[in-house]
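The structure appears right after this line, and notes come after that.
The values are calculated or read from the model by the stated rules, or taken from the named source; none is laboratory data. Keep in mind that this is a model prediction, so the values were computed, not measured. Positions of Cβ are generated from backbone atoms using ideal geometry, with glycine treated the same way; all protein chains shown enter the neighbour counts. What goes into the accessible areas is simple: the full protein's heavy atoms, side chains included, and nothing from ligands, DNA or RNA. Shrake-Rupley method; radii C 1.70, N 1.55, O 1.52, S 1.80 Å.
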Amino acid sequence: MISVLNEINSQGIFTIILCVVLVLLLIVEGTKLWKGTLESLGLKTNKELQEQSLNKRLDELEHKIKIVENSFMNNQEVYHNQSIEIRNHLQENQENLSNQITELSTVINDFATTSKECTVASFRSSLWRMHRDFVSQGYITPDGLKTFLDMGNLYERCGGDDIYHEKLLPEIKALEVHYPEGSVYNE
C-alpha cells in the first residue's frame, strides 16, 4: 500500500485529480449513452417502469377523486334544493293549519254563542212554564221552589237575567208554600 502511495505521489497530485475527473465524466457520459440506447430501442429501466406505473395509479386515483367530488357536489345541491322545498311546504302547511285553526275557532265560538243562546232560551221557557203552572194553582211546593231557584241560578250563569228578577222570582216568592203529605221537607 505504501508503494502504491509512493507511485501516486511520483505521478503528481494534479495528474491523479485529472484522472479521477475523467473517470467521473466517463461514467456520466456512459450513463447518458446507455439511457439513449435504451430509449432508441424503446426499452425502459425497472425504475422507469415503476415510475410509469405509479403515475398511472395516481392518474386513476385523481380521476376517481374527481368523480366522487362531482357526485358529492351534485348530491349536496340536490339535498339543498330538497331542504328548501321541504321548508317551503312546511311554511305553506303552517299557514294552512293556522287558517284552519282560525276558521275552527270561529265555528266553535259561533257554536258556543248559539248553544248559550239556546240554553238561555230553554231555561227562560222552562221558568215561564213553571211560573205559569205555580201561579195558576195558587201555591208552590218546597220541591217546586227548589227546582225553580236552581233553574233560575243556571239561567243567570248562562247569561239570562232579563225577566227573572223583575217578574218571575218576585211572583213565585209571593206564593204560599204548601207541604204535601209525605214531603221530605218539614213545615
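Miscellaneous remarks
- Residues of the range 155-170 that are modelled with pLDDT of 85 or more and open to solvent by 70 Å² or more (accessible area, probe 1.4 Å): ARG157, HIS165, GLU166, LYS167.
- Exactly one residue out of ILE13, ILE17, ILE8 is at pLDDT below 75 and open to solvent by 80 Å² or more (accessible area, probe 1.4 Å), and it is ILE13.
- Residue match in the range 41-59 (condition: part of a helix (DSSP H, G or I), modelled with pLDDT of 85 or more, of a type in the set (S, T, N, Q) and open to solvent by less than 100 Å² (accessible area, probe 1.4 Å)): yes
- Residue match in the range 105-119 (condition: touching a helix residue (DSSP H, G or I) at 6+ places or on another chain (Cβ under 9 Å) and under 30 Å from LEU154 (Cβ atoms)): yes
- Condition met for SER115 (surrounded by 10 or more Cβ atoms within 10 Å (Cβ to Cβ), farther than 30 Å from HIS178 by Cα and either touching a residue at least 24 places away in the same chain (Cβ under 8 Å) or among the polar types (S, T, N, Q) (or both)): yes
- Failed condition for TRP128, given (1) open to solvent by less than 70 Å² (accessible area, probe 1.4 Å); (2) of a type in the set (A, V, I, L, M, F, W, C); (3) in contact (Cβ under 8 Å) with a residue 24 or more places away in the chain: (1)
- All positions within the range 118-149 that are of a type outside the set (A, V, I, L, M), within 19 Å of TYR179 (Cα to Cα) and within 60 Å of the chain's Cα centre (by Cα): LYS146, THR147, PHE148
- Hits in the range 123-159 (condition: among the β-branched types (Val, Ile, Thr) and not in a helix (DSSP H, G or I)): ILE140, THR141
- Residue check for ASN75: modelled with pLDDT under 85, farther than 30 Å from CYS158 by Cβ and open to solvent by less than 90 Å² (accessible area, probe 1.4 Å): yes
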